[in-house]
Amino acid sequence: MQIHPEQLESRLRGTLAPVYFISGDEPLRVMEAADAVRARARAAGYEEREVLSVNAGFDWNSLAAAAGSLSLFSPRRVLDLRLPTGKPGEAGAKALRAYAERPPEDTLLLITAGKLEPSARKSRWVQALDQAGVVVFVWPLDSRQLPAWVRTRLQQRGLEATPEAAALLAERVEGNLLACVQEIDKLYLLLGAGRVDARAIADAVADSARFDVYDLVDAALAGDGARGVRILNGLQGEGVAPAVVLWALARDLRQLALMARVLAGGQTIPQVLARFKVWESRDTAFTRALQRLSGAACNRLLRRCALIDRVIKGQAAGNAWDELLQLTLWLAGVNAISAGAPSEPQ
């Protein structure tokens, strides 16, 4: 039976299957799915576990030998077969089919494997495992699924994150779930249980920096390009992730574009600031930015943000810090385009 990873927990509440096959290229989710099977097996009395690691020269006859041998310590046991490449070869495919056709009693076979190619997922050995037990294909989370996954992990740690905070952390780890779990553990150690907003995420990520991403945004909004450059260089030197810097700039640019649109509709700057609940400490910075930038200019800079996002993710050519420098200067109203540098986004 083939199920989604999210269905495994409920499936394990029932009678255990003789075979579990878990495959995918997301190490954390594969590991956690396998851990769930092992935990349920221990609770059901499978006290002994034998690990078989498939590497170069692995003898597939050892699987049949392990299945046929009697345990000296427990009437029930787990055979933990590790297949990193997801390619058992001809001998392995034959051995797995034979096992699946006649799985021994009181033995649970747990197979973890790397990502399978589409043709392999339709192969006879995978179909045999599917008929004998439970098959779980673990797919990477896409950009729409990741923030929800992050929020769930934060909740499991006792942290209640705002949607913006979860989105920032998801962007910060760029799909690396192992890194995400480490960041969540760090947040818990720093903050303890409770509510977490985007600023807390940004501060935790850059807590050792002498500069703050919010100082960078305020300097650029206020038109202080020289200070913006100093802060950006400091953030880079302290190891702050480019994605965090881009998030801070793009967030206020989006708000600035909306504010510019309302301003063009006839409202005054004080009315616009009040409508968007701008903090008093940031009134001056936003006032100067609104006096300098139109809604169309803000939208051009937001398109540049989208390009920088692709550069950070390796989906477009360029240097992320150079692009962030140019964006900061454009936002500050500084015309610093030199020979060979890209022109202002249209």
Using the heavy atoms of the protein chains alone and a 1.4 angstrom probe, what is the accessible area of the range 1-147 per residue in square angstrom?
55 Å²
Using DSSP to define loop residues, name the GluC sites (Glu not before Pro) in the range 60-117 whose beta-carbon has at most 14 other beta-carbon atoms within 10 Å.
E105
Tally up the carbon and sulfur contribution to the accessible surface of the chain as a whole percent, 1.4 Å probe, everything protein left in place.
49 percent
Please work out the Cα center distance from the range 73-129 to the range 1-18, rounded to the nearest Å.
17 Å
Rank by packing, highest mean first: peptides 63-69, 75-81, 179-185, with packing defined as the count of other Cβ atoms within 10 Å averaged across residues.
75-81, 179-185, 63-69
Need one word for the range 1-76: rounded, prolate or oblate. Basis is the Cα gyration tensor (sqrt eigenvalues a ≥ b ≥ c); a/c below 1.5 gives rounded, then a/b vs b/c decides.
oblate
FRET efficiency (L190, S53; Cβ distance; R0 41 Å; to 0.05) is 0.65
Among residues other than K277 whose Cβ falls under 14 Å from its Cβ, what is the net charge (Lys/Arg +1, Asp/Glu -1)?
-1
How long is the gain from N299 to E6 if the chain were fully straight, where each residue apart is worth 0.36 nm and the alpha carbon distance is subtracted?
101.6 nm
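The values are calculated or read from the model by the stated rules, or taken from the named source; none is laboratory data. None of the values given here were measured: they were computed from a predicted structure. Counting neighbours? That spans all protein chains shown, and the Cβs are built from the backbone with ideal geometry, glycine included. Side chains included, ligands, DNA and RNA excluded: accessible areas come from the protein's heavy atoms. Shrake-Rupley method; radii C 1.70, N 1.55, O 1.52, S 1.80 Å.
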